[in-house]
Amino acid sequence: MVSGPVDANQPLIALRGIRKHYGDPASGQPLVTVLHGIDLDIYAGEFVAVVGSSGSGKSTLMNILGCLDRPSDGSYHFQGQDVAQFDSDALAWLRREAFGFVFQGYHLIASESASENVEMPAIYSGLPKEERVQRAQGLLQRLGLGERLGNRPNQLSGGQQQRVSIARALMNGGHIILADEPTGALDSHSGAEVMALLRELAAAGHTIILITHDRDVAAQAQRVIEISDGRVVGDSASQPATAATTATIAQGEGTRMELAPVPQGGSASAAPLVAELLEAARSAWRGMRLNRVRTSLTLLGIVIGVVSVIVMLAIGEGARRKVVEQMGTMGTAILYMGSKPPATGGPAGQITEEDLDALRELPEIRRVMPVIGDPITVRYGNADKQVYVFAASEEMPLVHHWKPKLGRYYTDTEDRDLAPLVVLGHKAHKHFFPDTPNPLGRQLIIGTSAFEVIGVMSERGADSGAQDYDDMVFIPYQSGRARVYQAQTQPDYVVVEAMSSEVVNEAETAIHRVLLARHGGREDFGIGNAAARIQAEAATRQSMAVMLGLIAAVSLVVGGIGVMNVMLMTVRERTREIGIRMAVGARQSDILRQFLTEASLVTLSGGTVGLVVGALVGAVLVLAGVPVVFSIRAMAGAFACAVVTGLVFGYMPAKTAARLDPVRALAGE
Ligand code: ADP
Ligand code: MG
């Protein structure tokens, strides 16, 4: 390990027997050897030109010198350290702190301004924002681009773009400038300007390695190395320059060109996390804005996923609650029974008190409640109305899971004593006593008899049945038969409550058996199994809710795949940008973080929009009368799922991007 000031007699860069092959005979591609064993020492402060005809291997050599590529064979020592031992983070550190690249094709990031392009290397080295901006603008001003800070590359001429890329190379110090055909794409005037700049930098102490096919350009360097067909064929090898020169352009007066030792296996100079995250979010946001159509399509996928999860779960839950409510009011253990003419002809049977007592004996049965009910004229003062008068035993509130909100219900004893008592439904109360909140003790005339109001039932709300229980009035069964329904010889129907919802079908069979025996084998009665129907409906609704949930989950996954697709496309489209970022010193983790940030930004905004749209759709459904129940849990779950799927599917392309080889990425492969 070398530390402290660099020994002037030790080469900065020492290449021994460097070879580079392309192709792989194993997979059918012919093996091409581009570099045939290069030996080269470059000292700090030298201005070296590597000259050779096109295809002689100059760029390949430069990529190896700049640690953008690894040699197939041979050794590369940087300040005495073997580069082959460096991990990818240490190589990124070298590219960031030691080298500054200037390419023939400029390699600026098209979506960023001149100033932002110049700032980029400092982002990865962790320079605070204000210093970064100040330094970038200072460099651009010195290079004559003070008026062009905010311009994007396509708003600049070739010469200006190349000056931006030189400024970028100087951003982190640019101790060693690697310039590959920097004047190749420029007119002679701009080319001359760029060369003047490089000479000035060399004079200021920067080590310059200039690659060119043009001998006149090469002649401006202090040392010219000629390469042909991957071999060094000439070297003007002058004396090593003195290392103790100062860099005025980039470093300011009096700063010595000294490099810290390469940090090994650690992130000693890792940029502050928050700054990098902010930077990644900023550039992700810019990318999203520049590709509006693509962004909106991805967002649409996520939004649809989130909305469908939220809405479908809300509908499923609404349907489930409705059934549960019905179960609560109608009961899942309720059977109905009444007399009926037999299918074989003849008169309807009689359901007698003895029949009912026999049913009460059955172990499967908890309660047997005969009911008589008809619309009857009911009067209070001047107000009269046809009201359904429901005559049943004191068990009615138990069977219907219903309670009085005012006063009380009558008792069994009162029923047997034929007490003239009445309990009002919620709406019946409103109708007969609109101005009397407490009507207890008032007398209603039902038919021809007076009944005393002793209670008001609580509001039951809309039932699924045709009758509205809130409209009715309730009187005891026996006094009903004695005072109102004198002509009635048997109940209109009988409500039977089974011991539990599990035994309703057994109860039905038992009732059938007992009545058939008591009616001499004639089936002159009918049994309605409402409980079985409700249970079946509950099961259907349950499976519907499960199905809706599945559909919703599928659409979420489809949304996630959409994110992955877009991320893959983004990686492909932006390979060159990834290459540039790596060339200026981004670590693999920086690239990974950037792409993950982009994925999270997309999924977070998609998830948020999804929540809003889901709430809107829900509001429309509520207005349309569809029973929906929104739960915060479902919403949070859908949001979290969207973000997680987006991140999971965004991770793979991000990983791919981070693993890219800098040279290949730069070539846009
Ligand atoms: P120069 O920069 O001197 O023009 P290069 O270093 O770019 O030359 O290329 C040298 C040779 O290596 C060329 O013949 C080129 O075709 C070949 N070459 C460069 N890159 C690859 C690659 N990725 N795969 C195969 N051959 C390559
Ligand atoms: Mg080349």
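Residue by residue, here is whether (1) assigned to a helix (DSSP H, G or I); (2) of a type in the set (A, V, I, L, M); (3) modelled with pLDDT of 85 or more holds:
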{"residue": "Arg533", "(1), (2), (3)": "yes, no, no"}
{"residue": "Ala536", "(1), (2), (3)": "yes, yes, no"}
{"residue": "Gln542", "(1), (2), (3)": "yes, no, no"}
{"residue": "Asn565", "(1), (2), (3)": "yes, no, no"}
{"residue": "Gly585", "(1), (2), (3)": "no, no, yes"}
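Restricted to strands (runs of 3 or more DSSP E) entirely inside the range 395-458, those with at least 3 residues that are under 10 Å from Pro476 (Cα atoms) and open to solvent by less than 70 Å² (accessible area, probe 1.4 Å) are 421-424. Counting only helices (runs of 4 or more DSSP H) wholly contained in the range 130-236, the ones carrying 2 or more residues that are more than 16 Å from ligand 2 (Cβ to nearest atom) and small (Gly, Ala, Ser) occupy 158-170, 188-203.
Could you grab me the full set of residues in the range 84-111 that are among the aliphatic types (A, V, I, L, M) and outside any loop (DSSP other than H, G, I, E, B)?
Here is the first cut: in the range 84-111, the residues among the aliphatic types (A, V, I, L, M) are 84, 90-92, 94, 98, 102, 108-110.
Answer for the range 84-111, where residues must be among the aliphatic types (A, V, I, L, M) and outside any loop (DSSP other than H, G, I, E, B): Ala84, Ala90, Leu91, Ala92, Leu94, Val102.
Against the definition (in contact with a helix residue (DSSP H, G or I) (Cβ under 7 Å, 6 or more places away or on another chain), of a type in the set (D, E, K, R) and modelled with pLDDT of 55 or more), how does Glu226 come out, yes or no?
Working: in contact with a helix residue (DSSP H, G or I) (Cβ under 7 Å, 6 or more places away or on another chain): no; of a type in the set (D, E, K, R): yes; modelled with pLDDT of 55 or more: yes.
Against the criterion (in contact with a helix residue (DSSP H, G or I) (Cβ under 7 Å, 6 or more places away or on another chain), of a type in the set (D, E, K, R) and modelled with pLDDT of 55 or more), Glu226 does not qualify.
What about Gly381, is it in the same structural domain as Phe451 (by TED's automatic domain parsing), under 22 Å from Glu497 (Cα atoms), among the small types (Gly, Ala, Ser) and modelled with pLDDT under 90? The answer is no for Gly381. Contact map, the range 57-74: residues that are free of Cβ contacts under 8 Å to residues at least 24 places away in the same chain paired with residues that are assigned to a helix (DSSP H, G or I) and crowded, with 21+ Cβ neighbours inside 10 Å, Cβ distance under 8 Å, separation 6+ or inter-chain. Pairs shown: Arg70/Ile64. For Val50, the test of being assigned by TED's automatic domain parsing to the domain that holds Gly230, at pLDDT 95 or above and within 16 Å of ligand 2 (Cβ to nearest atom) is passed.
Here is a yes/no grid of residues against (1) open to solvent by less than 80 Å² (accessible area, probe 1.4 Å); (2) more than 30 Å from Ile310 (Cβ to Cβ); (3) under 37 Å from the mean Cα position of the chain (by Cα):
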residue	(1), (2), (3)
Glu508	yes, yes, no
His512	yes, yes, no
Leu515	yes, yes, no
Gly526	yes, yes, no
Ala545	yes, no, yes
Leu550	no, no, yes
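State which residue is nearest to ligand 1 (Cβ to nearest atom) when the search covers only the range 112-129 and only residues that are of a type outside the set (D, E, K, R) and not in a helix (DSSP H, G or I).
So the residue we want is Ser113.
Taken over the range 14-27, the criterion of being within 16 Å of ligand 2 (Cβ to nearest atom) and exposed (fewer than 15 other Cβ atoms within 10 Å of the Cβ) is satisfied by Tyr22 alone. Every test in (1) at pLDDT 90 or above; (2) closer than 20 Å to Glu394 by Cβ is passed by Asn438 save one, and that test is (2). Within the range 182-218, being touching a helix residue (DSSP H, G or I) at 6+ places or on another chain (Cβ under 8 Å), touching a residue at least 60 places away in the same chain (Cβ under 8 Å) and within 16 Å of ligand 1 (Cβ to nearest atom) holds for Pro182, Ala185, Ile209, Leu210, Ile211, Thr212, His213, Val217. Restrict the check to the range 96-111 and report whether at least one residue is of a type in the set (Gly, Ala, Ser), crowded, with 21+ Cβ neighbours inside 10 Å and within 16 Å of ligand 1 (Cβ to nearest atom). No - not one qualifying residue is present in the range 96-111.
The values are calculated or read from the model by the stated rules, or taken from the named source; none is laboratory data. Quick caveat: nothing in here was measured; it's all calculated off a predicted structure. Here the Cβ is made from the backbone with ideal geometry for all residues, glycine too, and neighbour counts use every protein chain on show. These accessible areas exclude ligands, DNA and RNA; they are computed on the full protein's heavy atoms, side chains included. Shrake-Rupley method; radii C 1.70, N 1.55, O 1.52, S 1.80 Å.
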